[in-house]
Amino acid sequence: MIKNEYGTLPITPVDFKGKQDIMKITKFYKNSLFIGLLSISLVACMTKIPEECLTLSPEALADRQLQSRVFETGDEIRLLTAGAAVLQDLGFTIDESETKCGVIVASRDRDVMEAGQVVLAIFVAAFTGAVMPIDSKQKVMASLVTKPIDANRVSVRVTFQHMVWDTNGGLRKNEQMHEPEVYQEFFSKLSKSVFLTAYEI
């Protein structure tokens, strides 16, 4: 019993059996968690990765050859600077640039509303009362990555991605561009800019 200003308070003795039960339950959960994690680790180690997952498809190899060139120079910064200038000449705005990592991200916006889609949307609205979304805005994203191969060679890879939004703000297209002339134009201008020949991989 404890006496204080509010009166006498009864004190119940600590239930040591209850504490032991809690400790047993805690130990059981810890052991279960350990065994579960160990089982998952063993299963993950035993699972064989299919060989086809580690090989590039013919399409991926063709894309890589289209998007990549090797320049015989050790000056990676020079190639990055020239690449940024070429992208700006092609109408792109530089969004991000990290020279230490060898990365440049750029984009180009334009209005893509076509008269044919507008006329069709008007007819659909007139006859059905439904509002048909049409293409309104497109963005082309460019990503430039440089990687030193050795002291005298640097690999440059550029990818272009095409995105189109409709009048409702929905993304209608999000696809990688595969047109060879787009990549050939970029690498031709880059080669002229740095006075170096671009070699295919």
Among the candidates Gly102, Gly18, which residue alone is among the small types (Gly, Ala, Ser) and modelled with pLDDT of 85 or more?
-> Gly102
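How many residues, within the range 148-164, are within 19 Å of the chain's Cα centre (by Cα) and touching a residue at least 60 places away in the same chain (Cβ under 8 Å)? Please lay out each step first, then the result.
Of the range 148-164, the ones within 19 Å of the chain's Cα centre (by Cα) are 156-164.
After this cut, where a residue has to be touching a residue at least 60 places away in the same chain (Cβ under 8 Å) as well, the list is 156-159.
The total comes to 4.
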Residue count, the range 55-99 (criterion: acidic (Asp, Glu), in a loop (DSSP other than H, G, I, E, B) and in contact with a Lys or Arg (Cβ under 9 Å, 6 or more places away or on another chain)) = 1
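So which residues in the range 165-190 are without any contact (Cβ under 8 Å) to a residue 40 or more places away in the chain and part of a helix (DSSP H, G or I)?
Our first condition is that a residue be without any contact (Cβ under 8 Å) to a residue 40 or more places away in the chain; within the range 165-190, this holds for 165-175, 177, 179, 181-182, 184, 188.
If the condition is that a residue be without any contact (Cβ under 8 Å) to a residue 40 or more places away in the chain and part of a helix (DSSP H, G or I), then Glu181, Val182, Gln184, Ser188 are the ones that fit.
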Residue check: is Asp135 within 18 Å of Gly74 (Cβ to Cβ), modelled with pLDDT of 65 or more and within 34 Å of the chain's Cα centre (by Cα)?
-> no
Quick one: in the range 161-190, which of the residues that are closer than 24 Å to Asp89 by Cβ, touching a helix residue (DSSP H, G or I) at 6+ places or on another chain (Cβ under 9 Å) and among the polar types (S, T, N, Q) is modelled with the lowest pLDDT?
-> Gln176
The residue that is farthest from Thr159 (Cα to Cα), considering only those in the range 61-82 that are small (Gly, Ala, Ser) and under 21 Å from the mean Cα position of the chain (by Cα), is Ala62
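The values are calculated or read from the model by the stated rules, or taken from the named source; none is laboratory data. All values reported here derive from a predicted model rather than from experimental measurement. Positions of Cβ are backbone-derived with ideal geometry, glycine not excepted, and every protein chain shown enters the neighbour counts.
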